[in-house]
Amino acid sequence: MQFKLATLTLALATLAAATPTRRTGEPAGDCTTGPIQCCTSTSTSADPVTAAILGLLGIVLPADVLVGLTCSPITVVGAGNGECSANPVCCSDNSNGGLISIGCVPVSL
């Protein structure tokens, strides 16, 4: 268990450092799948590091699914606590405790 946690932490740190950010996407008001998330990084499920994390969690996805890693909800867009300096996304599945969000679309805040 500790090895899995250490591997997952290392994988997240590597992915966060190596993933470029995208700043374009749909308007935040068009998000209909749940709260807008602020993720430290985004990647497709085909990315080797992301695929390893998904595998550790037992999640199987098609190769072209955008996922967000280490996400937290943005509650009020435009307010001080509604800012996101990383990757604002709208995701269809946020049920993994903020570790990974699935089916994401970048949004503009």
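The values are calculated or read from the model by the stated rules, or taken from the named source; none is laboratory data. A quick note: this is a predicted structure, and the numbers were derived from the prediction, not measured. Cβ sites come from the backbone with ideal geometry, for glycine too, and all protein chains shown count toward neighbours. Accessible surface areas use protein heavy atoms only, side chains included; no ligands, DNA or RNA. Shrake-Rupley method; radii C 1.70, N 1.55, O 1.52, S 1.80 Å.
The label point for SER72 and the one for SER92, both projected 7 Å from the Cα toward the Cβ, are 2.8 nm apart. Once backbone amide H atoms are built at 1.01 Å from N, ILE74 has ILE36, GLN37, CYS38 as its partners under 5 Å, excluding neighbours fewer than 5 places away on the same chain. Residue separation times 0.36 nm, minus the C-alpha to C-alpha distance between ALA52 and SER108: what's the value? Stretched out fully, the ALA52 to SER108 stretch lengthens by 17.3 nm.
Taking the protein heavy atoms of segment 34-109 in the context of the full set of protein chains, the accessible area attributed to carbon and sulfur is 60 percent at 1.4 Å.
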